[in-house]
1. Which of the residues spanning the range 5-62 are modelled with pLDDT of 95 or more, part of a loop (DSSP other than H, G, I, E, B), surrounded by fewer than 19 Cβ atoms within 10 Å (Cβ to Cβ) and in contact with a strand residue (DSSP E or B) (Cβ under 6 Å, 6 or more places away or on another chain)?
2. Working carefully through the options Ala63, Ala44, find the one that is away from the ligand (no atom under 12 Å from the Cβ), in contact with a helix residue (DSSP H, G or I) (Cβ under 9 Å, 6 or more places away or on another chain) and small (Gly, Ala, Ser).
3. With the checklist (1) without any contact (Cβ under 8 Å) to a residue 60 or more places away in the chain; (2) of a type outside the set (S, T, N, Q); (3) within 14 Å of the ligand (Cβ to nearest atom) in hand, flag the one item Met71 doesn't pass.
Amino acid sequence: MRNKMPWVDRLRCDVESVGKSCKAAKHCPHGAFTVREKGGEGKAHDVFIDWERCRRCGECSHACDLFAVKMV
Ligand code: SF4
């Protein structure tokens, strides 16, 4: 049973600069890990994990070059 879930280390995460190019989001096979615009200026982004879709597979963690996504 997969009992770990993805957690984003905000100090490492660079989604503010890479936006929709976030590798973790691109590699999520279930569409659970997504990048969303914060609104307002339309430039700032943030990551969002849909826990209803997440299957705890860990692909997002493997995909992030900055090791910002950890399975905890
Ligand atoms: S653990 Fe798997 S399903 Fe969940 S957000 Fe990461 S890549 Fe997507």
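The values are calculated or read from the model by the stated rules, or taken from the named source; none is laboratory data. Source: prediction; values computed, not measured. Positions of Cβ are backbone-derived with ideal geometry, glycine not excepted, and every protein chain shown enters the neighbour counts.
1. Matches in the range 5-62: Gly58 only.
2. Details: Ala63 fails: away from the ligand (no atom under 12 Å from the Cβ).
Of the residues listed, the single one that is away from the ligand (no atom under 12 Å from the Cβ), in contact with a helix residue (DSSP H, G or I) (Cβ under 9 Å, 6 or more places away or on another chain) and small (Gly, Ala, Ser) is Ala44.
3. It is condition (1) that Met71 fails.
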